[in-house]
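To start, the structure itself, in structure tokens.
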Amino acid sequence: FWPTIGGVEVAGAELIRRLKERGYQLVVVTQDEGERTKETDSFAGIPVHRFPFFSVLENAELASIGEIRRSLTRLADEFQPHLIHIHNLGPQVVFQDMIFRSRPVKTLVTRHELFDPKQPVGPETIPIRVLKSADWVACCSRTVLEETHRVVPETISRSSVILNAPAMPETDPSEIPIDPPRVLCIGRFTVQKGFDVALEAFPAVMERYPGAQLILAGDGPTRADLEARVSELGIGGSVSFRGWIAPPDVPGEINECTLVVMPSRHGEGLPLVALESAHLGRPVIASRVGGLKETVRDGVTGLLVEPEDGPALSDAMLSLLDRPDKIRALGQAAREHAANFNFCLL
């Protein structure tokens with residue numbers, strides 16, 4: 001949750017603003033981000049309570065686990081919620097399962113991403129138990145819904161798709177810059193996003209287009225690793241790190257680029273960046289994973305490559321940069337395709 005910014009955080013912040021406008025009373029419980037955040041805070045007038053879920057569970061800090069449980073129990077007793085809305089099945093569900101298993105409170109789970117294939121989820125794990133007991137499961141894409149039904153068949157009759165959909169940008173698409181080309185990676189700097197693959201692929205682009213620029217916009221735990229790899233590859237003059245971009249400024253960043261690259265490794269539910277890029281007429285080159293296959297139609301609105309395939313990513317970028325007319329045609333088709341995505345119940 002805010003001030004951490006990513007697709008889930010943007011969607012969650014917008015959701016609670018809209019719910020508050022409609023008269024709902026809300027309390028946010030989220031992960032403590034250390035020095036960046038306070039234990040108790042507010043967002044848009046809504047109370048926010050933060051707890052170190054990740055660290056206490058990872059380190060098996062029994063005293064701290066007990067303290068968090070008692071604090072959340074007091075909060076539940078005071079607030080008396082009618083609905084618990086769980087965004088993603090992170091460590092916080094351990095405490096949700098502890099506190100609300102015996103309470104008559106409706107539970108909605110929203111799944112924003114797929115399970116990590118490197119961390120199999122067993123049938124008796126807490127995330128699966130939470131899905132089995134949820135009153136409803138909302139999935140951000142058809143891909144996530146299909147996985148949910150496959151892993152937890154009990155959810156088939158009480159689940160649906162609510163598509164991710166960013167707000168339409170207030171600015172119109174700008175003319176696509178071709179000379180020099182500007183390739184954009186934007187998002188949270190994590191291993192999952194695969195921005196290191198984009199770095200490995202970019203020297204081949206520079207060889208044919210010496211003036212090409214790769215812009216990495218965002219921040220996160222792998223930033224230092226990405227900066228070190230840029231130095232090792234000797235491409236510092238062609239790669240720029242923009243830092244965190246405030247959500248209202250994201251369309252402007254996209255509007256300055258030639259195309260957008262999303263080399264994710266796994267887990268993508270329905271990334272907002274792909275749709276934001278499409279709204280501004282920019283084709284996306286993405287990994288063939290998760291919901292990216294729904295937003296990027298291969299050869300029609302953008303290109304799909306296999307994850308972690310740097311040479312294929314290089315070839316895809318060059319195949320578009322060599323044909324500016326195709327960049328524009330794919331971008332226009334992407335804009336038309338993006339109109340199909342809005343906050344609708346399927």
For segment 134-229, what percent of Cα pairs sit more than 21 Å apart?
59
Pairwise label distance in nanometres, D41 with A339, each label 7 Å out on the Cα-Cβ vector
3.9
Filtered hits (lysines, Cα-Cα < 27 Å from K193, offset >= 8 within chain) -> K118, K293, K326
Lys, Arg +1 and Asp, Glu -1 on Cβ, resulting dipole of segment 254-334 about Cα centre, debye, nearest 20:
200
Taking amide H atoms as placed 1.01 Å from N in the peptide plane, list the residues 5 or more away in sequence, or in a different chain, whose amide H sits under 5 Å from that of I86.
L108, V109, T110
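Rounded to the nearest 20 Debye, what is the dipole magnitude of the chain about its Cα centre when Lys and Arg each give +1 and Asp and Glu each give -1 at the C-beta?
Numbers: 36 positive and 46 negative charges, 218 e Å.
Dipole about the Cα centre, nearest 20: 1040 debye.
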Of [x] 1.04; [y] 1.14; [z] 0.98, which is the value of Cα Rg over 2.2 N^0.38 Å derived from the coordinates here?
[x]
Please provide three numbers in whole Å: the alpha-carbon extents of segment 51-155 along the principal axes, with the largest listed first.
38, 32, 21
Separation of the M98 and I178 label points, Cα + 7 Å toward Cβ, nm
6.1
Antiparallel content of DSSP bridges confined to the chain, in %, to 5
15
Residue-wise, which Karplus ³J(HN,Hα) couplings in Hz belong to segment 238-249, taking 6.51 cos²θ - 1.76 cosθ + 1.60, θ = phi - 60°, and x for glycine or proline?
10, 10, 10, 9, 8, x, 5, 10, 4, x, x, 8
Can you send over the carbon and sulfur percentage of the accessible area for the chain, probe radius 1.4 Å, protein chains only?
52
Cα centroid distance between segment 247-310 and segment 26-57, in Å?
30
Once the in-chain neighbours fewer than 8 apart are removed, the lysines whose Cα is under 23 Å from K38 read K20
If R0 is 22 Å, what FRET efficiency do you get for E124 and S55 from their C-beta distance, rounded to 0.05?
0.35
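Take the alpha carbon gyration tensor of segment 169-318, find the square roots of its eigenvalues, order them as a ≥ b ≥ c, and report rounded if a/c is under 1.5; if not, report prolate when a/b exceeds b/c, else oblate.
Taking the square roots of the gyration eigenvalues as a ≥ b ≥ c, segment 169-318 is rounded.
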Per the charge dipole of the chain (beta-carbon charges, Lys/Arg positive, Asp/Glu negative, Cα centre), the residue among I215, A60, I327 reaching farthest to the positive end is A60
Probe 1.4 Å, protein heavy atoms only - accessible area per residue of the chain in square angstrom
49
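The values are calculated or read from the model by the stated rules, or taken from the named source; none is laboratory data. As the structure is a computational prediction, the values presented were derived from the model and not from experiment. Quick reminder, even Gly has a Cβ in these numbers, built from the backbone with ideal geometry, and neighbours come from all protein chains shown. For accessibility, only protein heavy atoms count, side chains too; no ligands or nucleic acids. Shrake-Rupley method; radii C 1.70, N 1.55, O 1.52, S 1.80 Å.
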